[in-house]
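The values are calculated or read from the model by the stated rules, or taken from the named source; none is laboratory data. Bear in mind the structure is a predicted one, so any value in this text is a computation, not a measurement. Virtual Cβ from ideal backbone geometry, glycine too; neighbours counted across all protein chains shown.
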């Protein structure tokens, strides 16, 4: 039986085990390279988060990638998320929240619970020349940490 406070649908909205970890961090991502935004080892669940950039160097071709237990489970760029209308909760782990090519402002939201057994890693690929600053905020909890 799940613990925590139930939401309106009877599902827990708070972690069943342990404390929630989360922080916001701005990370500079260099052109043409995958940059790790966050890497966590242990067993637990990602409960939500957002990846946002309003850097003039950002591009609609920038990629967001999520690896769970060493396997890539999400690898999309802003253009394809918009093109395929992945703009609502539940279709993919991430959905497109903001897409403005003129400004440029882009953000994706992690809107579903994602369990992991060994590790997870969040990466960003900057496709425009220069350095792109990405702000990430991810919330997760650990059932057990690997030593």
Exercise. What pairs come up if the first residue lies in segment 72-85 and is closer than 11 Å to residue 107 by Cα, the second is modelled with pLDDT of 85 or more and not in a loop (DSSP other than H, G, I, E, B), and their beta carbons are under 6 Å apart, counting only those six or more places apart or on different chains?
Worked result: 77/63; 78/106
For this session: Would you check which residues across segment 69-125 are surrounded by fewer than 17 Cβ atoms within 10 Å (Cβ to Cβ) and in a helix (DSSP H, G or I) and list them?
Result: 80, 82, 83
Exercise. Of these, 142, 147, which one is within 22 Å of residue 21 (Cβ to Cβ), crowded, with 19+ Cβ neighbours inside 10 Å and modelled with pLDDT under 90?
Worked result: 142
